[in-house]
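Colleague: Following this message is one structure expressed as structure tokens.
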Amino acid sequence: MKVSCLQENLADGLGIVGRAVSPRSTLPVLGNVLLATDGGRLRLSATDLEVGINCWIGAKVEEEGAITVPARTFIDLVNTLPSGRVDLELVVRTQTLNLRAARSEANIKGIDAQEFPIVTVPDEDAKGIHIAPNVLRQAVEQVAFAAATDESRPILTGVLGQFENQQLTLAAADGFRLSVRTVQLPDAVSDPFSIIIPAQALTELRRVSGHQEDPIAIHVTPERNQVIFQLTDVVLVSQLIDGNFPDYRQIIPRDRHTHTVIDTAAFLKACKMAQIFARDAANISRIQVEPGSELEPGHVRVSATSAETGEDASEIDATIDGDSIEIAFNVKYLIDVLSVTTAPQVSLDTTTPSSPGVIRPVAEDTFTHVIMPMHIGQ
């Protein structure tokens, strides 16, 4: 292998694939990144066997070939090089990659590329399901954070993806909250299907698609064990989680006793203030909803108390339809959902202090978030 490319392109490509490198593995090759010539370009690949990423960068290819090199060493080295041309040459006999840039030279010991696992790419004639990158990124941002991080229930570490007609529904739950977002697809899906994608994989997809402008193509392998996201110069592939996702529709309350409409930014600011004290008290924050009268508007009081550090309370004007109520939530969960809500106002629907609360953007029916209440002693 003998190729030349620009340092900035190589660094950007390594930044994309680097997060898929396995930090701890019994297989040394999984700590490496693959460099391979491919159709007149240089392909960079990394995988931890759960998520794999391919990235293609422009290069001048003089000799075909492939090698894997330690990812951390190679990434750190490339990031310290001056901008401009980088020459890479593989010494096949010793499996060593020689690197030259300006007046700098380095030799990196590698592992034969044949030992590297294949990172799947879609067939050239595969159509896939297309979706606008900004739409998918926002949907992932509003759902993936609600997935569980505890591996004791693997199914909840994933995000349910339901493809039906011209609609994609993403849902995630960790036992304390549920996030559901629907988006429209440009073309109808011929046969409805559901898959469970690891939340980590979707978070990586959101990261690597930041500059993507063309639609992203979604492919599911015939065995239904992998999903492939095809971008212009990047392909991300992830193993799917096997199992049955809980019926999230049963979690969303159908009744409400109080409907509160409140300014999103003001609510978020009050929650962030409450968190300063709530973090010392299991993140418990009290939400008091008081309907208005003919003389004064309704208001929401957000408060938190810590036996060690003190207490705070913020009042926000709100439009309230229904009964007054005091309910407690994990304030971190409130901050999480309000931080990914783009609408200027949100609604909070409640029934009783021991029943879930439902947050939705006002005038939008594509995003629903359910939060379980916390117990507060009298």
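The values are calculated or read from the model by the stated rules, or taken from the named source; none is laboratory data. In this text, all values refer to a predicted model and were calculated from it rather than measured experimentally. Because the Cβ atoms are built from the backbone with ideal geometry, glycine has one as well, and the counts that use them run over all protein chains shown. With ligands, DNA and RNA removed, areas are computed over all heavy atoms of the protein, side chains included. Shrake-Rupley method; radii C 1.70, N 1.55, O 1.52, S 1.80 Å.
Colleague: Does any residue of the range 75-96 turn out to be among the aliphatic types (A, V, I, L, M), without any contact (Cβ under 8 Å) to a residue 40 or more places away in the chain, over 30 Å from LEU168 (Cα atoms) and part of a helix (DSSP H, G or I)?
Modeller: yes
Colleague: State all residues of the range 60-86 that are among the small types (Gly, Ala, Ser) and buried (at least 22 other Cβ atoms within 10 Å of the Cβ); if no residue qualifies, say none.
Modeller: ALA71
Colleague: If you don't mind, another one. Within the range 154-166, which residues are open to solvent by less than 70 Å² (accessible area, probe 1.4 Å) and either of a type in the set (Phe, Trp, Tyr) or closer than 22 Å to HIS130 by Cβ (or both)?
Modeller: Of everything in the range 154-166, those that are open to solvent by less than 70 Å² (accessible area, probe 1.4 Å) and either of a type in the set (Phe, Trp, Tyr) or closer than 22 Å to HIS130 by Cβ (or both) turn out to be VAL159, LEU160, GLY161, GLN162, PHE163.
Colleague: Report whether or not CYS5 is over 24 Å from the mean Cα position of the chain (by Cα), surrounded by 15 or more Cβ atoms within 10 Å (Cβ to Cβ) and not in a helix (DSSP H, G or I).
Modeller: yes
Colleague: Would you check if there is a residue in the range 219-235 being surrounded by fewer than 16 Cβ atoms within 10 Å (Cβ to Cβ), free of Cβ contacts under 8 Å to residues at least 24 places away in the same chain, closer than 22 Å to VAL370 by Cα and not hydrophobic (A, V, I, L, M, F, W, C)?
Modeller: no
Colleague: Within the range 8-53, can you find the residues that are assigned to a strand (DSSP E or B) and farther than 17 Å from ARG72 by Cα? First the steps, then the outcome.
Modeller: So in the range 8-53, the residues assigned to a strand (DSSP E or B) come out as 32-38, 41-47, 51-53.
Residues satisfying the conditions are ALA36, THR37, ASP38, ARG41, LEU42, ARG43, VAL51.
Colleague: Turning to a different aspect of this structure: Can you go through ALA126, ALA139, ALA144 and tell me which one is touching a residue at least 60 places away in the same chain (Cβ under 8 Å) and either closer than 24 Å to ILE335 by Cβ or open to solvent by 90 Å² or more (accessible area, probe 1.4 Å) (or both)?
Modeller: ALA144
Colleague: Determine whether the range 28-49 contains at least one residue that is among the polar types (S, T, N, Q), surrounded by 21 or more Cβ atoms within 10 Å (Cβ to Cβ) and within 20 Å of ASP233 (Cβ to Cβ).
Modeller: Checked the range 28-49: at least one residue is among the polar types (S, T, N, Q), surrounded by 21 or more Cβ atoms within 10 Å (Cβ to Cβ) and within 20 Å of ASP233 (Cβ to Cβ).
Colleague: I'm trying to understand the selection: among the residues of the range 171-201, which are surrounded by fewer than 22 Cβ atoms within 10 Å (Cβ to Cβ), out of contact with any Phe, Trp or Tyr (no Cβ under 7 Å at 6 or more places or on another chain) and assigned to a strand (DSSP E or B)?
Modeller: THR182, VAL183, GLN184, LEU185, PRO186, ASP187, ALA188, SER190, ASP191, SER194, ILE195, PRO198
Colleague: Can you find a residue that is of a type in the set (Asp, Glu) and under 30 Å from LEU168 (Cβ atoms) anywhere in the range 325-339?
Modeller: Scanning the range 325-339 turns up at least one residue that is of a type in the set (Asp, Glu) and under 30 Å from LEU168 (Cβ atoms).
Colleague: Return a yes/no flag: does the range 29-38 have any residue that is without any contact (Cβ under 8 Å) to a residue 12 or more places away in the chain and of a type in the set (Val, Ile, Thr).
Modeller: Checked the range 29-38: no residue is without any contact (Cβ under 8 Å) to a residue 12 or more places away in the chain and of a type in the set (Val, Ile, Thr).
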